[in-house]
Amino acid sequence: HHCELYPLWEGDKITLVLASTLHLDGTPDDHFSYQPPFKGEPTLADNYEYVCHGRVFDVSYKNISNLTIAASFGGLLMRLQGDPRHLTNVTPNMR
């Protein structure tokens, strides 16, 4: 259970990053298999305490100022709501 691995409480502040690759140079991942970096090779994951791999399966607009994104991380579901100006590059099937 993710809540046991990384507990969050109401009022906690976090940084959430949605990225299509962990490679610092932007090289795309194949999204079909996890390839750990070469020993000593830095990745985007090094900058965060907790990292999940998943897929965006729905993007919907409630109105012009409210976007909802639904993503799955191997059965762990996330619904993210926010201003579309901050989430313009998120698309369905994004991994």
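The values are calculated or read from the model by the stated rules, or taken from the named source; none is laboratory data. Here the structure is a predicted model, which means the values were calculated and not measured. Note that we place each Cβ from the backbone using ideal geometry, even for glycine, and neighbour counts take in every protein chain shown. The protein model used for the area step is the full one, side chains on, heavy atoms only, and it has no ligands, DNA or RNA in it. Shrake-Rupley method; radii C 1.70, N 1.55, O 1.52, S 1.80 Å.
Of note:
- Among (1) 0.92; (2) 0.97; (3) 1.01, the entry derived from the coordinates for Rg/Rh (Cα atoms, Kirkwood Rh): (2)
- In sequence order, calculated HN-Hα J values of segment 77-86 (Karplus, 6.51, -1.76, 1.60; Hz; x Gly/Pro): 9, 9, 10, 10, 10, x, 6, x, 4, 9
- The chain, accessible surface, carbon-and-sulfur percent (1.4 angstrom probe): 55
- Note on R55 and Q81: the extension gain reaches 7.8 nm, defined as 0.36 nm multiplied by sequence separation minus the Cα-Cα distance.
- Additional length obtainable on full extension of the chain from L44 to T27, 0.36 nm per residue less Cα span: 5.0 nm
- Heavy atoms of the protein chains alone define the surface here; on that basis the chain has 82 Å² accessible area per residue at 1.4 Å probe size.
- Taking every DSSP helix (H) stretch of at least 4 residues in the chain, weighting each as -39,500 (n - 2.57) and dividing the sum by the residue count yields a mean residue ellipticity at 222 nm of -500 deg cm²/dmol.
- For segment 7-28 versus segment 44-95, the spacing of their alpha-carbon centroids is 10 Å.
- The chain: most fluctuating residue of G11, G54, G82 per GNM, C-alpha cutoff 10 Å: G11
- Cβ-Cβ FRET estimate between E4 and S65, R0 fixed at 35 Å, reported to 0.05: 0.50
- Segment 4-95: GluC sites (Glu not before Pro) in DSSP coil with no more than 13 other Cβ atoms inside 10 Å: E10, E49
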